Amino acid sequence: MPAGRHRTFDEKQALEAAMRVFWQKGYAGASLTDLTHAMGINKPSMYAAFGNKEQLFIASLQNYLNAYASSHVDCLKQDNQTFRARLRGYLMSIIHGQCGATAPKGCFISVSISESISDDFPAAAKAQIDAMKLVGEGVLLDFFSAAQSNGELADDHDVSALTQYFMGVMHGTAALARAGKSTQQLTTVVETSLKVL
């Protein structure tokens with residue numbers, strides 16, 4: 001871009017649009033034409049602002065984490081509620097997001113985790129997904145460990161196993177949401193999963 005020339009598009013809006021394409025189609029399924037059309041810019045502008053497709057994908061993952069996924073964690077921090085109520089609020093917040101009417105169904109990170117097992121998936125993008133997966137697991141592990149330490153969760157529960165169980169529940173509801181299941185239907189999954197506690 002020539003010196004002194006300013007971009008004529010909103011980068012935040014363009015990134016949001018790109019994220020939604022990746023969320024709906026996956027990394028491999030999202031063509032550059034799909035992306036630039038949704039972003040409302042041409043390919044040179046995309047490269048200048050975001051780098052290549054892999055870099056745009058990584059930025060989209062971070063955008064999803066900041067704008068969509070992080071808010072769910074706030075439900076686990078409601079100290080005026082019981083351990084069980086906080087966990088239920090967290091899971092319900094997630095399924096409401098997975099079934100939302102204004103964004104693609106399911107979970108962008110969950111979709112990306114499944115796709116990233118491919119041998120030809122870009123290495124830097126896979127590393128970003130793996131890091132996000134560890135963050136998500138860490139949030140739940142810390143939550144269960146703290147609940148066990150303060151007596152809200154019985155000592156005979158394996159907090160690592162609980163973490164993996166509820167991660168599995170969330171990835172399962174994400175797949176079901178993409179398959180067309182409603183929030184009401186997924187609520188029954190949440191209520192059933194809580195019976196393990």
Inter-residue pairs, beta-carbon under 6 Å, first within 21 Å of A69 (Cα to Cα) and in the range 174-197, second among the small types (G, A, S), 6+ apart: A174/G106; A174/S110; A177/G106; R178/G106
Any idea which residue in the range 19-56 is farthest from I117 (Cα to Cα), counting only those that are among the hydrophobic types (A, V, I, L, M, F, W, C) and under 13 Å from the mean Cα position of the chain (by Cα)? M19
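Restricted to the range 77-100, and to residues that are assigned to a loop (DSSP other than H, G, I, E, B) and more than 18 Å from L162 (Cα to Cα), which residue is farthest from the chain's Cα centre (by Cα)?
Checking each candidate, the answer is N80.
Every residue, every condition in (1) under 19 Å from L87 (Cα atoms); (2) assigned to a helix (DSSP H, G or I); (3) over 14 Å from the mean Cα position of the chain (by Cα), yes or no:
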{"site": "P104", "(1), (2), (3)": "no, no, no"}
{"site": "I117", "(1), (2), (3)": "no, no, yes"}
{"site": "Q128", "(1), (2), (3)": "no, yes, no"}
{"site": "G136", "(1), (2), (3)": "yes, yes, no"}
{"site": "D142", "(1), (2), (3)": "yes, yes, yes"}
{"site": "S145", "(1), (2), (3)": "yes, yes, yes"}
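Report yes if S60 is in a helix (DSSP H, G or I), among the hydroxyl-bearing types (S, T, Y) and touching a helix residue (DSSP H, G or I) at 6+ places or on another chain (Cβ under 7 Å), otherwise no.
Taking the combined requirement at face value, the residue satisfies it.
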The range 64-87: number of residues that are buried (at least 18 other Cβ atoms within 10 Å of the Cβ) and either closer than 21 Å to E152 by Cα or of a type in the set (S, T, N, Q) (or both): 6
Condition first: free of Cβ contacts under 8 Å to residues at least 60 places away in the same chain, more than 27 Å from H171 (Cα to Cα) and of a type in the set (K, R). Can you find one or more residues in the range 73-80 that meet it? no
Looking only at the range 118-168, how many residues end up being surrounded by 15 or more Cβ atoms within 10 Å (Cβ to Cβ), among the polar types (S, T, N, Q) and within 20 Å of L56 (Cα to Cα)? 1
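Read the figures in this text as sums done on the coordinates, not as results from a lab. Note that the coordinates shown come from a computational prediction; the quantities given were computed from them, not determined experimentally. Note: ideal-geometry Cβ built from the backbone for every residue, glycine included; neighbour counts use all protein chains shown.
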